[in-house]
Amino acid sequence: SKMVYYFGKTRTDGDGSMKQLLGGKGANLAEMTSIGLPVPPGFTITTECCGQYYKEKQKLPTGLMDEVNAAVAILEKENGKKFGDTNNPLLVSVRSGAALSMPGMMNTILNLGLNDESVVGLANDTGNERFAYDAYRRLINMYGDVVMEVHHEYFEEAFSKIKKKYGVDLDTEVPTKGLIELVAEYKKVYKKHTKQEFPQDPIKQLELAIEAVFKSWNSDKAISYRRIEGITGLVGTGVNVQSMVFGNMGEDSGTGVAFTRNPSTGENKFYGEFLVNAQGEDVVAGIRTPQPVAEMPKWKCDADKTIGKKVHAELMAIKTKLEKHYKDVQDIEFTIERGKLYMLQTRTGKRTGAAAVRIACEMVKEKLITEKTAVLRIPPNDLTQLLLPSFDPAAKKKEKPLTIGLPASPGAAFGMLAFTADEAVERAHNGEKVLLVRKETSPEDVDGMHSAAGILTSTGGMTSHAAVVARGWGKCCVAGAGAIEIDEKGRKIKVGGKTYTHKDVLSIDGSTGEVYGGELATVEPKLSGDFETVMKLSDKYRKLGIRTNADSPADSKRARDFGAEGIGLCRTEHMFFEPERIIHMREMILAEEKEAREAALKKLLPYQRKDFEGIFKAMKGLPVTIRLLDPPLHEFLPHDAKSQAEVSKATGITTAKIKNRVAQLHEANPMLGHRGCRLSVTYPEILVMQVTAITEATISCLKKKIDAQPEIMIPLVGTVNELSMLRKIAEETIEDVKAKKKFDGKLPILIGTMIEIPRAALTADEVATEADFFSFGTNDLTQMTFGYSRDDINSFLPDYLGEEILEKDPFQSLDTTGVGQLVSIAVEKGRATNGKLKLGICGEHGGDPASIAFCHKVGLNYVSCSPFRVPIARLAAAQAAL
Ligand code: PEP
Ligand code: MG
């Protein structure tokens with residue numbers, strides 16, 4: 001099959017839809033060419049070729065170079081230049097580009113086609129000898145580094161010597177003579193470290209460069225990046241070979257990168273940076289600090305006083321054209337060669353959660369996209385960023401920032417300083433909160449960036465790849481804080497006359513770029529009007545209800561503010577952990593006979609009743625699912641002698657008796673042991689106390705006209721007989737309370753169960769006859785379906801993920817093929833015998849977008865998740881419905 005796709009005036013083989021085959025960059029170069037944007041012509045080698053290269057044990061596919069040669073011939077004709085010519089030579093760039101963008105992770109080589117002869121041709125053609133030798137030395141450096149793995153440092157050393165010799169500081173100040181000498185030196189460095197001459201045949205250069213790009217697909221950093229981003233299923237990278245245009249031809253040339261809207265805030269303002277007289281890598285690598293595009297109109301040069309105005313106007317027209325065409329924010333690279341603007345790349349702009357929300361809302365208003373597209377376009381998990389804390393303004397007022405860098409990725413982070421990616425990974429792994437502090441973060445650092453609480457760099461712009469990567473993750477990042485002197489070896493930094501070591505804490509504000517000494521207080525975020533709009537749109541399109549898992553009036557209220565439509569799981573055991581309550585809980589567990597147990601339970605009852613009343617009030621008018629006591633009792637007793645002595649003192653029970661009871665309650669597999677409804681079967685008085693508290697709280701609320709809607713949920717049921725026994729006791733208890741309270745209306749109390757045991761799912765038709773509702777406890781259901789202990793999975797999970805035995809942690813994202821089947825079966829069988837059955841999910845999966853999509857598909861009524869995930873769930877549910 002066809003391996004090379006041409007784009008140019010002669011013909012354009014590909015288009016924007018062919019990302020899988022041509023990579024994102026290649027597909028968009030073809031698309032931009034087709035819509036008439038100024039793109040230097042070139043061709044794209046398919047991602048399949050890269051796949052083939054690895055299949056054939058790293059050999060270029062047969063016939064590839066023939067197709068490349070044919071494409072080069074068209075390119076030569078279209079440009080009116082010849083590859084390797086001693087006169088006006090054709091030069092090309094060679095760039096990677098996979099179907100999904102992996103910024104900075106793979107290789108690029110520029111100025112390919114230069115050799116000892118064509119460099120003279122380039123000098124003659126441009127009338128600029130300095131420029132030609134500068135291009136040549138860049139090629140030898142990049143080629144040596146990327147293709148032959150000669151360390152960049154060796155080239156830097158040679159450059160420093162030349163700069164010293166000519167007494168200059170900046171690269172741009174080295175005279176032509178110096179650059180000619182530098183080329184000779186670079187060739188020596190190349191030969192010394194590769195034991196070969198720098199290749200003079202341009203086609204040979206091209207062939208090796210193509211191979212180097214294929215190789216970079218499987219470099220360590222590329223592999224890490226794909227793992228962290230969860231990128232799977234791609235065959236390889238495309239290779240884009242494109243005629244060179246030069247941003248470094250003098251003061252009338254330049255290069256830049258931009259977003260069509262602000263990628264941090266979403267503001268509809270063209271947002272970018274450019275450098276006069278520079279090549280693209282200078283901007284991306286953060287070596288020189290670029291100027292904002294907004295200042296471009298001020299750019300003048302001897303040849304053209306209005307060059308900046310003209311180029312800026314052209315860029316603005318291109319912005320509109322691109323957004324109209326792609327209907328989304330674009331991230332572009334451009335170059336100006338002697339006053340003429342060229343587009344080198346466009347891709348969908350990565351953005352923060354806040355920007356995603358604002359852009360979606362504004363594009364709907366601009367009629368660029370529909371409401372549905374807007375809902376579908378926002379990644380639900382990115383909403384977390386809007387819900388993130390920021391620094392308390394009051395605390396900030398009291399502190400003076402040590403320095404201000406660029407606000408590269410919003411949020412607030414603090415931590416102790418880590419100076420290398422490895423250090424960050426290790427210390428984070430040991431539970432420390434660290435900030436990764438680097439001069440520039442290079443793509444090699446992705447693991448460390450991911451582990452750190454935040455990232456702080458001393459050089460580099462807003463569009464350096466570090467900033468782009470951090471924003472994509474929603475990780476707080478301050479870049480280009482130039483006042484910071486970093487001593488990596490000494491593990492310290494100097495800033496504002498002060499020194500901070502790896503033991504000191506700094507705080508960074510990714511929304512303003514400020515850097516502070518010490519740890520600053522953080523505050524909860526405020527939500528924007530656009531956020532509300534997105535939530536309303538989500539509610540308009542979703543079918544699933546959204547509830548929350550909450551056990552206190554405060555959490556319930558927060559979740560309700562986030563849009564929760566009820567409580568799907570109130571874990572009553574959490575109410576017993578407070579100091580003055582746990583003592584009665586312990587008395588209850590330590591009691592030897594029923595009377596003593598009931599006496600202890602009696603002391604707990606008022607606490608529970610009060611909590612339930614508070615929750616009913618916070619959730620008035622909405623259902624509240626209260627789960628009866630679930631964990632094994634040993635969890636409430638201390639296991640060490642010192643704490644046992646304290647319990648003895650508080651309860652008057654001898655330590656010997658306590659020890660004895662702890663031993664009695666010991667189980668080899670407590671999560672499979674005496675817990676859940678099994679507790680109520682052996683100790684019905686526990687159930688009676690809890691149901692009494694619920695009923696009393698309900699009656700008390702109703703008397704105060706508070707619309708309480710409790711749902712009593714019985715956990716860990718495996719057979720219908722458990723449920724029918726416990727339901728009967730619960731119903732009798734409710735009747736008893738009603739009689740005692742002389743309440744004779746009907747109480748709106750439902751009784752249902754969790755589906756957490758595979759047998760309950762398989763016999764859901766029977767179970768449903770005794771249940772008003774099912775709630776899938778997918779934490780336990782996953783545990784029991786896989787046979788993985790939920791508490792111990794981390795001892796082997798990393799291996800399972802590394803070996804791709806598991807695609808995802810099944811406790812985070814529902815295993816739809818296995819566990820999901822049990823859910824489907826239970827839904828179907830349950831509804832078959834009980835048409836009125838309400839169905840929900842309350843395991844952690846209730847807040848995971850992929851799992852929510854599954855819940856929608858199988859027809860659950862609601863999902864329930866932790867309060868901070870409620871907005872995410874609302875959006876994910878809408879996306880599932882569209
Ligand atoms: C579950 O098992 O999914 C559940 C929600 O209950 P818990 O996590 O409390 O066992
Ligand atoms: Mg459970």
- Pick from TYR6, TYR54: which is surrounded by fewer than 17 Cβ atoms within 10 Å (Cβ to Cβ) and not in a loop (DSSP other than H, G, I, E, B)? TYR54
- Task: Check off (1) buried (at least 21 other Cβ atoms within 10 Å of the Cβ); (2) away from ligand 1 (no atom under 16 Å from the Cβ) for VAL624 and give me the number that stays unchecked.
- Result: (2)
- Task: Determine whether LYS836 is of a type in the set (D, E, K, R) and modelled with pLDDT under 95.
- Result: no
- Query: If you go through the stretch 543-560 one residue at a time, do you hit one that is buried (at least 18 other Cβ atoms within 10 Å of the Cβ), outside the structural domain of GLN608 (by TED's automatic domain parsing) and charged (D, E, K, R)?
  - Reply: no
- When residues of the stretch 545-584 are filtered for being in contact with an Asp or Glu (Cβ under 8 Å, 6 or more places away or on another chain), in a helix (DSSP H, G or I) and not charged (D, E, K, R), how many remain? 4
- Task: Looking for whichever is closer than 21 Å to VAL688 by Cα and not hydroxyl-bearing (Ser, Thr, Tyr) here; the options are ILE751, ILE793. Which one fits?
- Result: ILE751
- Among LEU75, LEU122, LEU110, which is the only one that is under 25 Å from TYR342 (Cβ atoms), part of a strand (DSSP E or B) and in contact with a strand residue (DSSP E or B) (Cβ under 8 Å, 6 or more places away or on another chain)? LEU110
- Which residues, taken from the stretch 78-102, are in a loop (DSSP other than H, G, I, E, B) and either over 22 Å from CYS49 (Cβ atoms) or in contact with a Leu (Cβ under 9 Å, 6 or more places away or on another chain) (or both)? GLY80, LYS81, GLY84, ASP85, THR86, ASN87, ASN88, LEU91, ALA98, ALA99, LEU100
- Query: If you check GLY777, GLY802, which single one turns out to be farther than 30 Å from LYS620 by Cβ and of a type outside the set (S, T, N, Q)?
  - Reply: GLY802
- Note on the structure: Okay, helices (runs of 4 or more DSSP H) sitting entirely in the stretch 655-736 with 1 or more residues that are of a type in the set (Gly, Ala, Ser) and away from ligand 1 (no atom under 16 Å from the Cβ), I get 655-665, 684-703
- Please find, within the stretch 631-654, the residue that is nearest to ARG586 (Cα to Cα) out of those that are within 16 Å of ligand 1 (Cβ to nearest atom) and in a helix (DSSP H, G or I). PHE636
- Given (1) in contact with an Asp or Glu (Cβ under 8 Å, 6 or more places away or on another chain); (2) away from ligand 2 (no atom under 16 Å from the Cβ); (3) assigned to a helix (DSSP H, G or I), where does ILE751 come up short, assuming only one miss? (3)
- Which condition number in (1) touching a His at 6+ places or on another chain (Cβ under 6 Å); (2) at pLDDT 95 or above is the one that ILE699 fails? (1)
- Query: If we scan the stretch 792-812, do we find a residue that is in a helix (DSSP H, G or I), within 16 Å of ligand 2 (Cβ to nearest atom) and assigned by TED's automatic domain parsing to the domain that holds ASN549?
  - Reply: yes
- Scanning for something part of a helix (DSSP H, G or I), more than 31 Å from the chain's Cα centre (by Cα) and at negative phi, does the stretch 214-221 turn up at least one residue? no
- Message: When you scan the stretch 808-825, do you find a residue that is away from ligand 1 (no atom under 16 Å from the Cβ) and under 25 Å from the mean Cα position of the chain (by Cα), even just one?
- Response: yes
- Residue count for the stretch 9-51, restricted to those that are part of a loop (DSSP other than H, G, I, E, B), buried (at least 23 other Cβ atoms within 10 Å of the Cβ) and β-branched (Val, Ile, Thr): 2
- Would you mention how many residues in the stretch 164-182 are under 43 Å from the mean Cα position of the chain (by Cα) and at pLDDT 95 or above? 0
- Message: Go through the stretch 216-257 and report how many residues are closer than 28 Å to ALA452 by Cα and either among the basic types (Lys, Arg) or touching an Asp or Glu at 6+ places or on another chain (Cβ under 7 Å) (or both).
- Response: 5
- Residues that are buried (at least 21 other Cβ atoms within 10 Å of the Cβ) and modelled with pLDDT under 95: which helices (runs of 4 or more DSSP H) entirely in the stretch 269-378 hold 1 or more of them? 280-284, 353-365
- Item | The lone exception for ALA591 - which of (1) within 27 Å of ALA550 (Cα to Cα); (2) assigned by TED's automatic domain parsing to the domain that holds GLU711; (3) free of Cβ contacts under 8 Å to residues at least 60 places away in the same chain it fails | (1)
- Query: What is the number of the single condition among (1) more than 24 Å from GLN709 (Cα to Cα); (2) among the acidic types (Asp, Glu); (3) not in a helix (DSSP H, G or I) that GLU595 does not meet?
  - Reply: (3)
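The values are calculated or read from the model by the stated rules, or taken from the named source; none is laboratory data. Quick caveat: nothing in here was measured; it's all calculated off a predicted structure. Cβ sites come from the backbone with ideal geometry, for glycine too, and all protein chains shown count toward neighbours.
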